[in-house]
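This is the structure, below, for whatever I ask next.
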Amino acid sequence: MHPKQEELEDRMSLLCQELDNHLEDIYGDRYTIHPNRLKRGQGSNPSYDGLFSTSMAFTLGYGSKYGRGYVVNVEVRTLDKVSQYDTIHITSTAFAFLKSKLKEYFPDHDLDVVQDGNVMKVIGDFGLGEV
């Protein structure tokens, strides 16, 4: 993998970690974490512990009106039934958080967060400049 691509992926990972911590701060005490999960702060990465697991995965976007981008995954790791109300609020909180942080993490890229069907996706210019 090219070093500039690695840097972009590393920033996506850091953004996910900050998103995970943000969601934990707001909603982390609403549900019991899955019994197989570590308590918040005990994992090597916020996505590996606590109530939330966040990640981004690149997609070529076949069949999407937005095309390629990074699909944002926000999973609530619990055996409890998560209310539809909370699901909507968690998703909207994640969406607003990402929208507010993209410029901070990717100042040289024109990126946006969109709802693409039933997934949240980061789209835009992922160009690496001169490689």
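Return the only residue of PHE95, PHE58 being surrounded by fewer than 17 Cβ atoms within 10 Å (Cβ to Cβ), aromatic (Phe, Trp, Tyr) and part of a strand (DSSP E or B).
On inspection, the qualifying residue turns out to be PHE58.
Scan segment 45-53 and tell me whether some residue there is in a loop (DSSP other than H, G, I, E, B), at pLDDT 95 or above and either exposed (fewer than 12 other Cβ atoms within 10 Å of the Cβ) or of a type in the set (A, V, I, L, M) (or both).
yes
Something else about it: Which residue out of ASP108, ASP116 is over 13 Å from the mean Cα position of the chain (by Cα) and either surrounded by 13 or more Cβ atoms within 10 Å (Cβ to Cβ) or at pLDDT 95 or above (or both)?
Residue meeting the stated conditions: ASP116.
Next up: Got a number for residues in segment 67-91 being surrounded by fewer than 16 Cβ atoms within 10 Å (Cβ to Cβ) and either farther than 24 Å from ARG37 by Cβ or modelled with pLDDT under 95 (or both)?
2
Does GLU24 fit the bill of being crowded, with 18+ Cβ neighbours inside 10 Å and of a type outside the set (A, V, I, L, M)?
For GLU24, the condition - crowded, with 18+ Cβ neighbours inside 10 Å and of a type outside the set (A, V, I, L, M) - is met.
While we're here: Against the definition (hydroxyl-bearing (Ser, Thr, Tyr) and either touching a residue at least 24 places away in the same chain (Cβ under 8 Å) or in contact with a Ser or Thr (Cβ under 6 Å, 6 or more places away or on another chain) (or both)), how does TYR62 come out, yes or no? Let's see the steps before the verdict.
Working: hydroxyl-bearing (Ser, Thr, Tyr): yes; either touching a residue at least 24 places away in the same chain (Cβ under 8 Å) or in contact with a Ser or Thr (Cβ under 6 Å, 6 or more places away or on another chain) (or both): no.
Answer is no for this residue.
Same structure again: Across segment 1-20, which residue is farthest from PHE52 (Cα to Cα) among those that are in contact with a helix residue (DSSP H, G or I) (Cβ under 6 Å, 6 or more places away or on another chain) and buried (at least 17 other Cβ atoms within 10 Å of the Cβ)?
Here the answer is LEU15.
The values are calculated or read from the model by the stated rules, or taken from the named source; none is laboratory data. These numbers come from a predicted model, not from an experiment. Cβ coordinates were reconstructed from backbone atoms using ideal geometry, including for glycine residues, and neighbour counts include every protein chain displayed.
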